[in-house]
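Let me begin by presenting the structure, written as structure tokens, before commenting on it.
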Amino acid sequence: MAEVVRFCRKNHIDFVVEAGGHSTTGASSSHGGVVISMARMCKVLTDPASETVCVQGGANWDMVNQSTAPYGLAVVGATASHTGVGGSALGGG
């Protein structure tokens, strides 16, 4: 991903990063630019001892819920489970 960002910046090409693609503002789409998908970066690791969860940018809320539920944990997030965590947590998509 870093290589694509460097290429785009060097060549003055617009780019966006797409987490779940549910942006209502168009923040995860581009007309003529490059869209970098985070879909394959979707690991979710829950640590029940510290009651914390580590979530990669391409994960969706269903993945988080499936990881935390066995430990009786929950994370406040989007109400639609198929929504991307990265975008909804940062106000984009």
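Of note:
- Cα→Cβ-extended label distance, 7 Å offset, between L45 and I13, nm: 3.2
- Take the Cα of S29, step 7 Å toward its Cβ, do the same at D62, and the gap between the two points is 2.2 nm.
- Normalised by the number of residues in the chain, the mean separation of alpha-carbon contacts (under 8 Å, six or more apart) gives a relative contact order of 29 percent.
- Under the convention that each Lys and Arg Cβ holds +1 and each Asp and Glu Cβ holds -1, the size of the dipole of the chain around its Cα centre is about 320 debye.
- Taking F7, F15 and ordering them by how much accessible surface each has at a 1.4 Å probe, largest first, produces F7, F15.
- Cα convex hull volume per residue for the chain (Å³): 97
- Residue of S50, S30, S81 that the Gaussian network model of the chain assigns the largest fluctuation, springs spanning Cα pairs under 10 Å: S50
- Residues C8, C42, ordered by accessible area of protein heavy atoms at a 1.4 angstrom probe radius and largest first, appear as C42, C8.
- Dipole of the chain [Lys/Arg +1, Asp/Glu -1 at C-beta], most positive-end residue of M38, Y71, G87: M38
- Where M1, M63, M38 fall by accessible area, highest first, once all protein chains stay in place (1.4 Å): M1, M63, M38
The values are calculated or read from the model by the stated rules, or taken from the named source; none is laboratory data. In this text the structure is predicted, and so the values were computed from the model without any measurement. All Cβ positions, glycine included, derive from the backbone under ideal geometry; neighbour counts span all protein chains shown. Side chains included, ligands, DNA and RNA excluded: accessible areas come from the protein's heavy atoms. Shrake-Rupley method; radii C 1.70, N 1.55, O 1.52, S 1.80 Å.
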